[in-house]
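All remarks here apply to the structure that follows.
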Amino acid sequence: GERLELTQNLFGPSHAGFAIARPPVWQGEGDNDPIGVVLTRSTAAPAPVTVAPTMAAARGPHASASHLEVRAWWVKVGDFSSQRQARLEVERVAHRFARQFDAAEGAVDGRGRSYSARFTGLSEASAREACSAVRSSGLACQVGHQA
């Protein structure tokens, strides 16, 4: 009885004279969420995750800092006078060299009159490989390490 009447009131017109207040919902609600999403072009399945009770156990008996891949390298593909030009170059290079920059994040750095088009989050080997591919096509490229 009563439970059925309440369910009917939530989804249909009220026949018992009860008014039910529903919170308003607007289209696009949550668009101002401060969480950023970075999309990549990866089609590979994610690597399996192993859970260990401690960091030492997770690294294994032979792991050390020199064995862990460090993704603190960047590739700069140009300097531009406007942020828009730099962003367009990041998009163009990301599309043209999708295999090399698949795991990297494209970014525009700078202010005023100088904006750099960069890809960050690369290992040293992948940054050098990507820059070599970009240079071989006649474009400027520079490899660097994040401080």
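Here are a few things to note about the model shown:
- Residue within region 117-136 that is exposed (fewer than 15 other Cβ atoms within 10 Å of the Cβ), among the aliphatic types (A, V, I, L, M), out of contact with any Phe, Trp or Tyr (no Cβ under 6 Å at 6 or more places or on another chain) and outside any loop (DSSP other than H, G, I, E, B) present: yes
- The residue of region 87-108 that is surrounded by the fewest Cβ atoms within 10 Å (Cβ to Cβ), among those that are in contact with a strand residue (DSSP E or B) (Cβ under 6 Å, 6 or more places away or on another chain) and outside any strand (DSSP E or B), is 87.
- Residue selected from region 66-86 under the condition among the β-branched types (Val, Ile, Thr) and buried (at least 18 other Cβ atoms within 10 Å of the Cβ), by the criterion farthest from residue 135 (Cα to Cα): 75
- Filter pass, residue 93 being among the hydrophobic types (A, V, I, L, M, F, W, C) and touching a Cys at 6+ places or on another chain (Cβ under 6 Å): no
Read-outs: derived from the displayed coordinates by stated rules, not from any lab. If you're wondering where the values come from, they're calculated on a predicted model, not measured in any experiment. Heads up, the Cβs are rebuilt from the backbone with ideal geometry, glycines too, and the neighbour counts pull from every protein chain shown.
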